[in-house]
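This report concerns only the one structure given below.
The values are calculated or read from the model by the stated rules, or taken from the named source; none is laboratory data. Note that the structure is predicted; figures quoted are calculated from it, not measured. With ideal geometry, Cβ positions are generated from the backbone for all residues, glycine too; neighbour counts draw on all protein chains shown.
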Amino acid sequence: MNHKLLIIEDDASLSQMLTLHFEEQDFEVVAAFDCHSARQLAEQSQPDLILLDQQLPDGLGNELLPDLLNLAPKTRVIMMTGVHDLELAIQAIKDGAADFIHKPVKTEVLQQAVDQALAHRPTAEPTQSDLPPTQIKGLVGRSEAMLQVSKDIALSAESAATVLITGESGTGKEVIARLIHQHSNRSGPFVAVNCAAIVDTLLESELFGHEKGAFTGAASRKAGKFELASDGTLFLDEIGELALPVQAKLLRALQERMIEPVGSIQSIATNARVIAATHKDLFKAAAAEQFREDLAWRLSVINIHLPPLRERMEDIPLLARVLLEKAAIHTEKPAPPITDASMHALMQYDWPGNVRELENTLTQALIHARNAEITPDLLTFKSRQSVPEAVPAAVESEAEAIPPCSLEEMESAHVQKVLNYTGGHKGRSSRILGISRPALDRKIKKYGLTLPDQPPA
């Protein structure tokens with residue numbers, strides 16, 4: 001049986017390209033160019049799959065999504081957007097989208113998403129969440145890696161399974177934990193515990209509580225974090241630092257959903273959802289007998305990995321802007337623009353402290369800024385081994401002439417100027433830009449850039 005496909009896209013050339021691509025695979029394709037016609041076609045054709053653009057002439061794709069799922073309950077919807085909003089991706093998947101893809105659309109990525117979506121078509125009308133959008137604004141990025149993280153957040157939010165968030169220090173693991181909780185249907189609070197910040201002798205009491213007289217100083221009963229997180233989420237940061245005796249009690253709590261306060265002979269049921277985070281490899285720690293292997297398996301039912309900032313340098317322009325605006329609120333100073341030379345320096349540095357270091361660097365620059373802009377001399381890099389190479393004067397002088405524009409336009413112009421400066425040498429250009437050779441090739445293709453020694457296509 002041929003699959004029915006509805007393409008909702010106002011870009012006529014892209015719609016035609018997608019139509020031809022899927023008609024060659026024997027799809028029955030119909031196309032809509034706005035929300036009004038999309039609703040009519042979805043109800044009439046009952047498609048197996050919908051490709052939904054976010055920006056439409058008479059509305060937004062994420063607002064249209066619930067209507068489509070109501071009109072065609074068994075359809076699968078893949079959203080496509082040029083807007084790099086990761087929380088939009090989280091909410092879209094949470095609201096029922098099968099997948100979320102960034103433009104420009106890569107055929108192989110789209111084909112994989114289509115195959116996956118059709119393999120998991122629902123047999124009944126999906127339930128819709130009535131939770132409001134998240135109020136946590138901390139997930140920023142335009143990279144494919146962060147888009148995958150946003151999908152993982154959405155998918156794990158609907159589950160009660162334990163989540164292990166891994167990544168280097170400063171990558172934002174608590175932000176991810178809060179977003180999972182925020183998008184879940186749990187009515188209780190989000191309770192965070194830093195396992196490395198509490199001495200071993202007190203940590204057991206902090207987690208599980210204690211009875212009056214359980215130890216010297218226990219003048220009254222105290223509820224532990226598991227009790228406080230009832231109906232909510234317990235976030236255990238730096239779980240790799242947990243002492244072995246406490247690990248045993250935590251394992252029992254996860255396995256049996258029961259806790260035993262210090263000094264008590266009675267167990268208490270717990271329904272707190274546990275999310276843990278670590279910068280360590282727990283299984284390597286288990287091999288070194290520093291962590292229980294059975295607990296490592298129990299914690300990592302769902303695993304979300306946060307890549308270090310140096311592996312997603314394309315996120316820095318957007319991330320820097322957001323962090324600077326955040327710093328401006330806290331310092332009660334207006335957020336100044338970041339010069340192109342400064343942005344170049346930020347993208348050349350390898351950020352061993354990750355997002356936390358970037359935030360500190362920008363906050364310090366903001367405090368010392370006197371001429372209403374962030375210039376390279378205001379940027380202080382902690383790791384001298386990874387201090388960026390100075391921006392070439394020719395590139396800097398040209399960059400200063402760039403008028404106000406979008407981040408993509410700025411990136412396109414900057415990459416082209418670096419290519420011009422190096423005479424089209426991709427190796428030197430990659431080093432100056434702080435990206436890999438394949439990443440440079442992708443940007444050249446994405447923006448239609450030309451090498452100086454090559455005529456325009």
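List of remarks:
- Note on region 231-268: residues that are farther than 22 Å from Ala286 by Cα and under 27 Å from the mean Cα position of the chain (by Cα) amount to 4.
- Residues of region 219-259 classified as part of a loop (DSSP other than H, G, I, E, B), surrounded by 17 or more Cβ atoms within 10 Å (Cβ to Cβ) and modelled with pLDDT of 90 or more, total: 5
- Evaluated against (1) loosely packed, with under 15 Cβ neighbours inside 10 Å; (2) outside any helix (DSSP H, G or I), Phe283 falls short on exactly one condition, (2).
- Top-ranked residue in region 187-202 [being of a type in the set (A, V, I, L, M, F, W, C) and assigned to a loop (DSSP other than H, G, I, E, B); ranked as surrounded by the most Cβ atoms within 10 Å (Cβ to Cβ)]: Cys195
- Listed by position, the helices (runs of 4 or more DSSP H) enclosed by region 310-368 that each have at least 3 residues that are under 18 Å from the mean Cα position of the chain (by Cα) are 316-331, 354-368.
- Selection from region 287-303 of residues that are small (Gly, Ala, Ser) and closer than 15 Å to Leu244 by Cβ: Ala287, Ala288, Ala296
- Subset of region 31-65 (residues that are touching a strand residue (DSSP E or B) at 6+ places or on another chain (Cβ under 7 Å) and of a type in the set (Ser, Thr, Tyr)): Ser45
- Contact map, region 44-58: first residue more than 10 Å from Val29 (Cα to Cα) and outside the structural domain of Asp10 (by TED's automatic domain parsing), second residue modelled with pLDDT of 90 or more and surrounded by fewer than 23 Cβ atoms within 10 Å (Cβ to Cβ), Cβ cut-off under 8 Å, separation 6 or more or different chains; the map is empty.
- Qualifying residue in region 22-30 (condition: farther than 20 Å from Ile93 by Cβ, of a type in the set (D, E, K, R) and assigned to a helix (DSSP H, G or I)): yes
- If you check Leu69, Leu52 for being touching a Gly at 6+ places or on another chain (Cβ under 6 Å) and assigned to a helix (DSSP H, G or I), only one passes: Leu69.
- Residues in region 239-250 include none that are within 24 Å of Ile176 (Cβ to Cβ), in contact (Cβ under 8 Å) with a residue 12 or more places away in the chain, basic (Lys, Arg) and assigned by TED's automatic domain parsing to the domain that holds His279.
- Among the residues of region 78-108, those identified as among the small types (Gly, Ala, Ser), on the phi < 0 side of the Ramachandran plot and surrounded by fewer than 23 Cβ atoms within 10 Å (Cβ to Cβ) are Gly82, Ala98.
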